[in-house]
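The values are calculated or read from the model by the stated rules, or taken from the named source; none is laboratory data. A quick note: this is a predicted structure, and the numbers were derived from the prediction, not measured. Here the Cβ positions follow ideal geometry from the backbone for every residue, glycine too, while neighbour counts run over all protein chains shown.
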Amino acid sequence: MEQILVSRLDAAKALSISVRNLDYMIAQGKIPARKLGKRTLIPRVALEKFARSPETAGNGGGQ
């Protein structure tokens with residue numbers, strides 16, 4: 001079964017960005033996240049949607 005929610009580290013790796021940059025985008029509301037206990041998890045579908053959005057095109061994927 002494919003994961004529905006992924007860790008911050010796995011999400012950052014999937015987007016080729018740092019965890020710090022991912023946290024910044026979560027804080028800005030660009031990527032939704034769910035808090036389960038002490039863990040912050042990101043819906044896989046949200047990562048796919050973010051990666052395909054025109055907003056991310058041409059940003060260089062920098063960290």
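Worth pointing out:
- Residue in the range 1-31 that is surrounded by the most Cβ atoms within 10 Å (Cβ to Cβ), counting only those that are under 17 Å from residue 49 (Cβ atoms) and small (Gly, Ala, Ser): 11
- The number of residues in the range 14-53 that are assigned to a loop (DSSP other than H, G, I, E, B), under 22 Å from residue 2 (Cα atoms) and among the charged types (D, E, K, R) comes to 0.
- Scanning the range 32-43 for residues that are out of contact with any Leu (no Cβ under 7 Å at 6 or more places or on another chain) and surrounded by 15 or more Cβ atoms within 10 Å (Cβ to Cβ) gives a single hit, 40.
- Complete set of residues in the range 14-33 that are of a type in the set (Lys, Arg) and closer than 11 Å to residue 47 by Cα: 30
- Any hit, the range 42-56, residues being small (Gly, Ala, Ser) and at pLDDT below 95: yes
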